[in-house]
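Colleague: Below you will find the structure I want to go over with you.
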Amino acid sequence: MAKPGRKPGSDGEKSRARLLAAAAEEFALNGYHETKISAIVKKAGVSQPAFYLYFESKEAIFQELTNSFREQLFAHVQASLLAPDIQHASLADAIAAGVAGIFSFFHEKPQLTHIGLCLSPEAEAIKEELAKRIQLNLEKEQQMGYFSADIDMSMAAESLVGTLVHFGTTLRLQKEPAERAKEFVQLFLNGLMNREG
């Protein structure tokens, strides 16, 4: 958490942003315990006293990174909620667009994703909350008539989270997020069965 009373200004905001970016790299590379404030400030190009103008401790900057990951991830989940009255022919593309937003976030912020899903003591709680939010989305979409009424959306949400987290933590998208999202949706909507013949 930033110290109260600090007037950021343009230069202050840039220094703070550099510290957050450097900390994300150091934590992701070395883990929490092995990361030193001296390494963060060196990478950020600021003095060690400057660090304490913005953050009270290593714990504080790590917590801010965790909070930032959580907020951004859940904003993408909220944005993925389907709108009402989507035509059946456009449904897969609409779902894929939401999934691509989450994949793109993981792809663009790999260090932050590693912190939020692996390093943070709150990682398991974040995953549980992610499953709850996806379940809530699915249940709303089920009520809109997009999905079968007899599907247990709790199990569906857990399955989706398992796949999302795997991609997020291993960074094995191997393709552009939008392309991988289409394949992801194809699998979950249509399964593995050969429907010809």
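Colleague: Tally up the residues in the stretch 14-25 that are under 27 Å from L117 (Cβ atoms) and open to solvent by 20 Å² or more (accessible area, probe 1.4 Å), please. Break it down into steps so the answer makes sense when it comes.
Modeller: Step one: list which residues in the stretch 14-25 are under 27 Å from L117 (Cβ atoms), which gives 16-25.
Narrowing the set further to residues that are open to solvent by 20 Å² or more (accessible area, probe 1.4 Å) leaves 16-18, 20-21, 25.
Of the residues in the stretch 14-25, 6 are under 27 Å from L117 (Cβ atoms) and open to solvent by 20 Å² or more (accessible area, probe 1.4 Å).
Colleague: Could you grab me the full set of residues in the stretch 132-141 that are over 15 Å from Q72 (Cα atoms) and open to solvent by less than 40 Å² (accessible area, probe 1.4 Å)? Show your work before the answer.
Modeller: Within the stretch 132-141, the subset over 15 Å from Q72 (Cα atoms) is 132, 135-141.
Scanning the stretch 132-141 gives N137, L138, E141.
Colleague: To continue, here is another question. Pick out, from the stretch 1-102, the helices (runs of 4 or more DSSP H) lying fully within it that include 1 or more residues that are of a type in the set (A, V, I, L, M) and under 19 Å from the mean Cα position of the chain (by Cα). Give the derivation first.
Modeller: On the way: elements: 9-30, 37-44, 48-54, 58-79.
Ranges flagged: 9-30, 58-79.
Colleague: Pull out all pairs, ordered by first then second residue, where Cβ-Cβ is under 7 Å, the residues are six or more apart or on different chains, the first lies in the stretch 132-149 and is within 15 Å of A96 (Cβ to Cβ), and the second is aliphatic (A, V, I, L, M) and outside any helix (DSSP H, G or I).
Modeller: That search, which allows pairs on different chains as well, returns N137/L81; E141/L82; Y146/L82.
Colleague: Something else about it: What number of residues in the stretch 114-131 are surrounded by fewer than 17 Cβ atoms within 10 Å (Cβ to Cβ) and polar (S, T, N, Q)?
Modeller: Total meeting the criteria: 0.
Colleague: Which of the residues spanning the stretch 99-113 are over 23 Å from F188 (Cα atoms) and either touching a Phe, Trp or Tyr at 6+ places or on another chain (Cβ under 8 Å) or acidic (D, E) (or both)? Show your work before the answer.
Modeller: Just the residues of the stretch 99-113 that are over 23 Å from F188 (Cα atoms), to begin with: 108-113.
Matches in the stretch 99-113: E108, K109, Q111, L112, T113.
Colleague: Another question about this same structure. Could you pull out the residue among L53, L65, L19 that is farther than 24 Å from S120 by Cβ, free of Cβ contacts under 8 Å to residues at least 60 places away in the same chain and aliphatic (A, V, I, L, M)?
Modeller: Values: L65 fails: farther than 24 Å from S120 by Cβ; L19 fails: farther than 24 Å from S120 by Cβ.
Criteria check complete, one pass: L53.
Colleague: Within the stretch 72-98, can you find the residues that are under 18 Å from V185 (Cβ atoms) and open to solvent by less than 20 Å² (accessible area, probe 1.4 Å)?
Modeller: V77, L82, L91, A96, G98, listed by residue number.
Colleague: Let me ask another. Restricting attention to the stretch 160-185, report how many residues are surrounded by fewer than 13 Cβ atoms within 10 Å (Cβ to Cβ), modelled with pLDDT under 90 and within 24 Å of E139 (Cβ to Cβ).
Modeller: 1
Colleague: Also: For the stretch 27-60, which positions are among the polar types (S, T, N, Q), surrounded by fewer than 19 Cβ atoms within 10 Å (Cβ to Cβ) and at pLDDT 95 or above?
Modeller: N30, S38, S57
Colleague: For residues that are assigned to a helix (DSSP H, G or I) and over 15 Å from L189 (Cα atoms), tally how many sit in the stretch 116-157.
Modeller: First pass over the stretch 116-157, keeping only residues assigned to a helix (DSSP H, G or I): 116-119, 123-143, 153-157.
Then drop every residue that is not over 15 Å from L189 (Cα atoms), which leaves 116-119, 123-137, 139-140, 143, 154.
The total comes to 23.
Colleague: Could you give me the residue pairs with C-beta distances under 6 Å whose first residue belongs to the stretch 106-127 and is hydroxyl-bearing (S, T, Y), whose second residue is modelled with pLDDT of 95 or more and assigned to a helix (DSSP H, G or I) wherever it lies, and which are 6+ apart or on separate chains?
Modeller: Going by the 6 Å Cβ cut-off, the qualifying pairs are S120/T66.
The values are calculated or read from the model by the stated rules, or taken from the named source; none is laboratory data. Since the model is a prediction, treat every value here as computed from it, not as a measurement. Cβ coordinates were reconstructed from backbone atoms using ideal geometry, including for glycine residues, and neighbour counts include every protein chain displayed. Heads up: the accessible areas ignore ligands, DNA and RNA and are worked out on the full protein's heavy atoms, side chains in. Shrake-Rupley method; radii C 1.70, N 1.55, O 1.52, S 1.80 Å.
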